[in-house]
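The values are calculated or read from the model by the stated rules, or taken from the named source; none is laboratory data. For clarity, every value in this text was computed on a predicted model and none was experimentally measured. Here Cβ is always computed from backbone atoms with ideal geometry, including for glycine, and neighbour counts include all displayed protein chains.
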Amino acid sequence: MLRRMTQQEIGTTRKKVSLIILGALIVAAVIVFVAMPKGAKSLVDDTNGDGKADLWAWTDEEGRMTRLEKDRSGDGNVDWRELFSLDEATGAERREKIESDTNNDGRFDTTMFFVAGKVSRIEHDRNADGKIDMNMYYDDPNRPPARTERDEDFDGEFEWQTTRQEKGPETKPAQASPKSGGKS
């Protein structure tokens with residue numbers, strides 16, 4: 001049988017819930033502190049002024065960027081992530097990879113890879129099935145891709161390949177694979 005709680009019982013219940021929440025927050029803070037590399041720092045910022053964090057940055061003990069995450073769509077979810085590594089020659093951070101969620105479904109669908117700070121390859125999941133179905137390879141980031149591979153029927157095989165020609169792009173079927181039975 002249900003009974004009404006007294007004001008004292010309500011107050012006691014609220015205190016218990018508050019203590020549980022406070023305890024959970026303390027445990028989460030300890031986990032973050034222990035997991036963060038010694039000397040590393042993080043920054044959280046509201047870059048668009050809406051009162052919600054939309055940029056998170058992590059640096060190493062020397063102040064070099066290691067990771068940058070953004071909520072570019074304003075929905076509260078990270079939809080852009082940049083990962084950096086140390087350039088041994090210069091001692092500066094070097095961009096290694098950018099992941100982005102271009103269709104706002106909560107999953108990264110495009111990944112850009114960098115070599116010596118320049119785009120070398122872009123992978124893209126065009127149909128949001130979690131599988132890469134287009135690769136673009138760059139030899140000069142200021143020009144169109146040197147080569148593009150596409151999985152046109154989303155079966156996991158890249159049927160089409162486009163190569164950059166000086167006169168214009170040339171599109172041709174990729175080599176037939178045993179799985180496709182010679183079909184392109």
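Return a yes/no flag: does region 2-15 have any residue that is among the β-branched types (Val, Ile, Thr), farther than 26 Å from Pro141 by Cβ and at pLDDT 90 or above.
no
Within region 61-70, which residues are over 21 Å from Val115 (Cα atoms) and modelled with pLDDT under 95?
Going through region 61-70, the residues over 21 Å from Val115 (Cα atoms) turn out to be 61-63, 70.
Within region 61-70, Glu61, Glu62, Gly63 meet the criteria.
How many residues are surrounded by fewer than 14 Cβ atoms within 10 Å (Cβ to Cβ) and closer than 18 Å to Ser42 by Cα if we restrict to region 63-75?
1
Determine whether region 97-120 contains at least one residue that is surrounded by 17 or more Cβ atoms within 10 Å (Cβ to Cβ) and among the basic types (Lys, Arg).
no
From the residues in region 82-102 that are outside any strand (DSSP E or B) and at negative phi, which one is nearest to the chain's Cα centre (by Cα)?
Asp101
Exactly one condition in (1) at pLDDT below 90; (2) within 25 Å of the chain's Cα centre (by Cα) is not met by Tyr138; state its number.
Status for Tyr138: all satisfied but (1).
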